[in-house]
1. Give me the percent of DSSP beta bridges within the chain that run antiparallel, rounded to the nearest 5.
2. What is the sum of charges around SER158, taking Lys and Arg as +1, Asp and Glu as -1, for the other residues whose C-beta is under 15 Å from the C-beta of SER158?
3. So for the stretch 337-409, what are the equivalent ellipsoid semi-axes in whole Å, largest first, each being the square root of 5 times an eigenvalue of the Cα gyration tensor?
4. Give me log10 I(q)/I(0) at q = 0.16, 0.26, 0.28, 0.33 Å⁻¹ for the stretch 187-226, Debye formula, one equal scatterer per alpha-carbon, no solvent.
5. Sorted by mean Cβ packing within 10 Å, highest first, what order do the peptides 53-59, 252-258, 182-188 take?
6. THR332 versus PHE114, label points 7 Å from Cα toward the beta carbon: distance in nm?
7. Give me the Å³ per residue figure for the convex hull around the C-alpha atoms of the stretch 64-198.
8. What Rg and what Dmax come out for the stretch 153-257 when only alpha-carbon atoms are used, in angstroms?
Amino acid sequence: MTAICYPKTAKLLSVAQAQQNIRLAVHSIDEQECVPLSSAFGRVLAESVYSPIDIPPQRNAAMDGYAFSSADITAGHAFSLRVVGTSWAGKPYSHNVEKNQCVRIYTGAVLPEFADSVIAQEQVSRYGDTVGFPEDSKPYKNIRAAGSDVTQGEVLVSAPQKLTARDLGLLAAAGVAEVTVKRRLKIGFFSTGDELTGLENTLLPGQIYDSNRYLLAGLLIDPNYLITDLGVIKDDPRLLEQTLVSAAGCFDALISTGGASVGDADFVKQTLQKCGQVNFWKLAIKPGKPLTFGRINHCWFFGLPGNPIAVLVTYRQFVEPALRQMAGTLPTTPLQLKARCETELRKSPGRQEYQRGILKQTAPGAFTVKPAGQQDSHQLKVASLANCFIVLDDDCSGVSAGDMVTVEPFEVYISS
């Protein structure tokens, strides 16, 4: 069945409308699994984790120095104490610190009982077993209290956090050995087209190598995904229907490239209408207008255009946020920044456009951008050179050199 019909005169769906449509349609998978912490990086936490202990578990020194009781301090006067032992990290001093005594202590070492102050080693003078403390010595300094980072029973990491290296460090500090996460999302992807051939073959007249599957395979690398390359499907509606129906029973999501337009050999939308449901088709975006979104039973389907740059743009704007949401994370949007455009940009109003650009940081918080090259949707070399999208709204009719534009960086770090 078909959710929405699109006559030729229908207005194209905006990028924001399509993103909202997908966000409201897809839901997180419910299944969970328990994994060891060593395998949990990047996984989506299904249950919040609470600390079984205080962190740190005991009072300890914040620096190398000497630990003593504040009762030995007379304000404004220098004083001397006798060293009676050493407290090492992992090997605490086992006795109390009495009056007029101190203990040599190292960063992270447990404080002896009755010691409540630490003075850095470079602030004192030591002569044998006697340590001289300066007149400006302050009590209660350089001490890490038990539970000063996390108290027992406190939430360490809340679901549905996608676990970072920082999270793993925190969980390990609390002695958490395993966590409950969402199961991996099962994703199948394939290309369509009679013109496509494998990299092991010599090109024949009219053929091109299938680059889209390699592009998608890279984009889909994520600890939360189990991906399967389903190969190339020829421009045969019966074969495409068999593939969709069979694969829909095995995957949470299917992604195809090619065959999504209105040509005589473009069968994706018609086939999805026959065996599933079309949620929307055709967007006010460039590149990527003929994108098909729908479902076959419980499997969500994304029919991306065949041009590789359109695949890159539509994956980032529509597929990636949907997969993240299905995998259990909260809805996400790409980071956007403002940058000064170094050159003129040509654009016609009507569709939101994603041009490939080279972003540079000229000073902290200051950015410039320029086109990475020509903007045809088949030009992978330009995409390889680029490190961002230059995002031009649908009503934009061009950009002059020096204008501020919106950019979406591909990565957190950019070349200087």
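FYI, it's all coordinate maths here, none of it is from the lab. In this text, all values refer to a predicted model and were calculated from it rather than measured experimentally. As a convention, Cβ positions derive from the backbone with ideal geometry for all residues, glycine included, and neighbour counts pool all protein chains shown.
1. 65 percent
2. Within the 15 Å Cβ shell, the charges total +1.
3. Listed largest to smallest, the semi-axes of the stretch 337-409 are 18, 16, 10 Å.
4. Values, matching the q order: -0.48, -0.89, -0.96, -1.15.
5. So the order, starting with the most tightly packed, is 252-258, 182-188, 53-59.
6. Distance between the two pseudo-spin positions: 5.5 nm.
7. 220 Å³
8. 20.0, 68
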